[in-house]
Amino acid sequence: MRRSGGRLAAVAVVAALVWTLAPAIRAGEVVTLRFSNWHLVETVWGRSLREAIRIFESRNPGIRIVPEPISYAEKEARYQAECAARRMPDVVKLHNFSLTMFFELGCAADLTPFVQKEGPGFLKSWYEFPIKSLTYKGRLMAMPGDYMSMVLIYNRELFRAAGLDPNRPPRTWEEFREYAKRLTRDTDGDGRVDQWGFSIPASKNPGLPLRILPMVWSFGADFLTPDGRRSAMNTPEFREAFRFIVELATVDRVMPPGVTTFGPQDVRIQMAHRRIAMKIGSGWTYPIVNAINPQLNAAEVLEAAPVPAGRRRITAAWLSGWIMSPHTAHPEAAWRFIKFLTSKETEKKFFEDNRVISSRKDVNVLPLVKMDKFSRVIVQELQHARLEPQLKEWPEIFDAFATALQEAITGAKPWERALLDAHTRVEGILARR
Amino acid sequence: MHGVSRAATGWIGPRRALRLREPAVGYLFVAPALVLLLAVLVYPALTTLRLSVTLPGGQLGVQHYGQLLSDPLFWQVVRQTAAFVVASVSAHLLLGLGAALAVAGTVPARGLFRVVALLPWVVPDVVAGIVWKWILNPLYGVLNDLLMAGRLVDQPLEWLTHPSLAPLSLILANVWRGFPFVMVILLAGLQSIPQDLYEAASLDGAGSWARFRFVTLPGLRKVLVVALALDTIWEVRRFGLVQAMTGGGPGTLTEVLSTQVFKQYFQFYRFEYASAMAVAMTVLLLAVSLPYVRMIMQEE
């Protein structure tokens, strides 16, 4: 009895010690957050993000950030699989078109309680539109990241060499077509065209809608009827827009061969090496092009202008959002990191490094943003910008369009037939809802 | 215990006990592999099957299969997959057989030739796709440069965007990548054919064609079936190369079943429909692999 009593006492002492010291041990623990972002694979953005992580870690010694690079095209697939396995990184960045899907799948934590804890005026620094767009069923599910309009980026030197005024970019689509023809040239006199007026990433990639929507919308067309129940891809306006885009490649030949295999980076490489004179891009274009070919002197040579107008002046908006994994073991630390990433200081750094425009009003009124020649146009055009439709079916609807575009450009089908097939497919997609 | 027989106490002797325990020990050895198979194969397969019959609201039904059967894109993709597989596997067999015969013979630097011939098989699927995409690029691609330098074409060919050239380019890259696998299998088969048979045939006056037809081919029959079955299964599942080279385009002209399943699941978020497509693909693969399984079972 005496021996077992002694053992019991020893166990009790150890338990008491553990109970007393546990908070102290925990206080010394380092919380590790997994952070995934497609920008981590990019030269300029990747460096900027890693610097931001170092700043955050130095100020928060109890939190360690583990960066997990991912490709832009792969992110949705991987995060979905990880979310299903409750292994999604603690903090990730997503483009607006897939955010709704993640909200619906329950793959984003509700940020409302964290925002409420910050005080009533916390969200006042942001534009209302991004906050509204990232609110799902009355709850804020993501913190807005960058918010930009798509604009026309062009090369002043190539304009000048083609006899065009570099201070007068095309304002209408007809003007644009004429400019593109003049800019499509044989520059070395070997009898073969080696410079093209315009290029677009017409492979099936998530960057294509941002470049196509401004063109389609400005012709007065839309993909769906206003109630979102039917395809509007058979309207005269849509047919006109589609034919215009296709004929840039097939009739005017102002786009390089192989355009249906290009991704956004291919087009940036073409711009960096003076193979094309115009593209549709945004704030990120200049630093990436500059990194590809510093000899281009992109800051001086490239210029931004509003996307040409058709029946209406309109463009597409880019919006990204930071989401927290619903399964994170460290929600407080994850929120602290998201708050840091979306702070005025960090957003200012992101602008300085990457020329991306913030969804924070207090950043965009800073002189360095207002004085920048690219940002000035991008911020100004935000008033004409619309987001991609936030529908679960949107990727499939756009795939139908991209299929038709490729079929028409490559001659697999006449453009009318390709578009009609796409319209029929979209009707089928919408009928399932 | 004295005076009680061993049988009455249930004692069965060391040799017999060992014999009885043998199956149990065998099961113990295969248990880890079995658990792994259940975890990474059976569980996902059952989950996919369950998803494929899950309807909105959680009820069960076969509507997704109905949709699949009436989806023209699905049938187009099935046809394209069949064409891709038949062309690739046929070319693999022809090239693989040729290469195996070459490296089995007394060619100079045979070892080096074997290593070089194996290299495409070593290259990962996606890397091979990216390399071929660059080779065939209409602006910077080396193939067009060579053709134009040799004055064989006037303008760069759009290998991956022309409706007729794109499927051919894909098959070309896939043939390059896949023939070494068939070569290795057939080489093993060639080396197992007894030399005496060739000598006897030669004594009977058989020429090289007759020796190939009446000795080599019959000797390779079983190995050819194995190579055919395994290669077909792999080619039906081919994903990385197609995705990296064309992404299924232009339009949907180079879509195959695996790229469609990926798109439906991960890009269009149609989990149930994609699962039905994956189940259909599995059934197709099972049908393709039946002759191989039957042959193995007959041997056993």
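May I ask you to list the residues in the stretch A:235-257 that are more than 24 Å from the chain's Cα centre (by Cα) and within 14 Å of chain B (Cβ to nearest Cβ)?
Passing the criteria: A:246, A:249, A:250, A:253, A:256, A:257.
For residues that are closer than 26 Å to residue A:78 by Cα and in contact (Cβ under 8 Å) with a residue 60 or more places away in the chain, scanning just the stretch B:275-300, find the one that is most open to solvent (accessible area, probe 1.4 Å).
The residue in question is B:282.
So that you can scan it fast, the table gives a plain yes or no per residue for (1) open to solvent by 60 Å² or more (accessible area, probe 1.4 Å); (2) free of Cβ contacts under 8 Å to residues at least 12 places away in the same chain:
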{"site": "A:112", "(1), (2)": "no, no"}
{"site": "A:116", "(1), (2)": "yes, yes"}
{"site": "A:122", "(1), (2)": "no, yes"}
{"site": "A:130", "(1), (2)": "no, no"}
{"site": "A:135", "(1), (2)": "no, yes"}
{"site": "A:144", "(1), (2)": "no, no"}
{"site": "A:157", "(1), (2)": "yes, no"}
{"site": "A:168", "(1), (2)": "yes, yes"}
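Out of the stretch A:384-413, which residues are under 18 Å from the mean Cα position of the chain (by Cα), in a helix (DSSP H, G or I) and more than 9 Å from chain B (Cβ to nearest Cβ)?
Passing the criteria: A:384, A:394, A:398.
Assess whether residue B:50 counts as being loosely packed, with under 11 Cβ neighbours inside 10 Å and of a type in the set (D, E, K, R). Explain how you work it out, then say what you get.
Details: loosely packed, with under 11 Cβ neighbours inside 10 Å: no; of a type in the set (D, E, K, R): yes.
Here the answer is no, as residue B:50 does not meet what is asked.
Test residue A:431 against the criterion of being of a type outside the set (Val, Ile, Thr), more than 25 Å from residue A:128 (Cβ to Cβ), open to solvent by less than 10 Å² (accessible area, probe 1.4 Å) and within 12 Å of chain B (Cβ to nearest Cβ), and give yes or no.
Values: of a type outside the set (Val, Ile, Thr): yes; more than 25 Å from residue A:128 (Cβ to Cβ): yes; open to solvent by less than 10 Å² (accessible area, probe 1.4 Å): no; within 12 Å of chain B (Cβ to nearest Cβ): yes.
Spelling it out, it is not the case that residue A:431 is of a type outside the set (Val, Ile, Thr), more than 25 Å from residue A:128 (Cβ to Cβ), open to solvent by less than 10 Å² (accessible area, probe 1.4 Å) and within 12 Å of chain B (Cβ to nearest Cβ).
Kindly indicate which of B:31, B:109 is of a type outside the set (D, E, K, R), farther than 17 Å from residue B:275 by Cβ, open to solvent by less than 60 Å² (accessible area, probe 1.4 Å) and at pLDDT below 95. Working first, answer last.
Details: B:109 fails: open to solvent by less than 60 Å² (accessible area, probe 1.4 Å).
Going through B:31, B:109 in turn, just one is of a type outside the set (D, E, K, R), farther than 17 Å from residue B:275 by Cβ, open to solvent by less than 60 Å² (accessible area, probe 1.4 Å) and at pLDDT below 95: B:31.
Got at least one residue in the stretch A:167-175 being at negative phi, of a type outside the set (A, V, I, L, M, F, W, C) and either part of a helix (DSSP H, G or I) or at pLDDT below 95 (or both)?
Filtering the stretch A:167-175 down to residues at negative phi leaves A:167-175.
Now restrict to residues that are of a type outside the set (A, V, I, L, M, F, W, C): A:167-172, A:174-175.
With either part of a helix (DSSP H, G or I) or at pLDDT below 95 (or both) added as a condition, the list becomes A:174-175.
The answer is yes; a qualifying residue exists.
Out of curiosity, is residue A:420 under 24 Å from the mean Cα position of the chain (by Cα), in a helix (DSSP H, G or I) and either more than 10 Å from chain B (Cβ to nearest Cβ) or crowded, with 21+ Cβ neighbours inside 10 Å (or both)?
Values: under 24 Å from the mean Cα position of the chain (by Cα): no; in a helix (DSSP H, G or I): yes; either more than 10 Å from chain B (Cβ to nearest Cβ) or crowded, with 21+ Cβ neighbours inside 10 Å (or both): yes.
No; evaluated as a whole, the condition is false for this residue.
When only residues in the stretch A:218-259 that are touching a Lys or Arg at 6+ places or on another chain (Cβ under 9 Å) and of a type in the set (S, T, N, Q) count, which is surrounded by the fewest Cβ atoms within 10 Å (Cβ to Cβ)?
A:218
I'm trying to understand the selection: among the residues of the stretch A:50-77, which are among the aliphatic types (A, V, I, L, M) and in contact with a helix residue (DSSP H, G or I) (Cβ under 7 Å, 6 or more places away or on another chain)? Talk me through it step by step, then tell me what you get.
Narrowing the stretch A:50-77 to residues among the aliphatic types (A, V, I, L, M): A:52-53, A:55, A:63, A:65-66, A:70, A:73, A:77.
A:52, A:63, A:65, A:70, A:77, listed by residue number.
Restricting the search to the stretch B:222-255, which residues are away from chain A (no Cβ under 14 Å), within 30 Å of residue A:418 (Cα to Cα) and in contact with a Leu (Cβ under 7 Å, 6 or more places away or on another chain)? Full working, then the answer.
Filtering the stretch B:222-255 for residues away from chain A (no Cβ under 14 Å) gives B:222-238, B:241.
So of that shortlist, the ones also within 30 Å of residue A:418 (Cα to Cα) come out as B:235-238, B:241.
Scanning the stretch B:222-255 gives a single hit, B:236.
Residues are listed down the side, and each one gets a yes or a no for (1) at negative phi; (2) touching a helix residue (DSSP H, G or I) at 6+ places or on another chain (Cβ under 8 Å); (3) open to solvent by less than 20 Å² (accessible area, probe 1.4 Å); (4) among the basic types (Lys, Arg):
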{"position": "A:373", "(1), (2), (3), (4)": "yes, no, no, yes"}
{"position": "A:384", "(1), (2), (3), (4)": "yes, no, no, no"}
{"position": "A:399", "(1), (2), (3), (4)": "yes, yes, yes, no"}
{"position": "A:406", "(1), (2), (3), (4)": "yes, yes, yes, no"}
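Would you confirm, using the coordinates I've provided, whether residue B:223 is exposed (fewer than 15 other Cβ atoms within 10 Å of the Cβ) and modelled with pLDDT under 95? Even if it seems obvious, please write down each step before you answer.
Details: exposed (fewer than 15 other Cβ atoms within 10 Å of the Cβ): no; modelled with pLDDT under 95: yes.
For residue B:223, the condition - exposed (fewer than 15 other Cβ atoms within 10 Å of the Cβ) and modelled with pLDDT under 95 - is not met.
Yes/no matrix, rows are residues, columns are (1) under 30 Å from residue A:59 (Cα atoms); (2) at pLDDT below 95; (3) surrounded by fewer than 23 Cβ atoms within 10 Å (Cβ to Cβ):
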residue	(1), (2), (3)
A:275	no, no, yes
A:278	no, no, no
A:284	yes, yes, yes
A:353	yes, yes, yes
A:357	yes, yes, no
A:369	yes, yes, yes
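The values are calculated or read from the model by the stated rules, or taken from the named source; none is laboratory data. Since the structure is predicted, the reported quantities are computational estimates derived from the model, not experimental observations. Please note: Cβ atoms are built from the backbone with ideal geometry, for glycine as well, and neighbour counts cover all protein chains shown. Heads up: the accessible areas ignore ligands, DNA and RNA and are worked out on the full protein's heavy atoms, side chains in. Shrake-Rupley method; radii C 1.70, N 1.55, O 1.52, S 1.80 Å.
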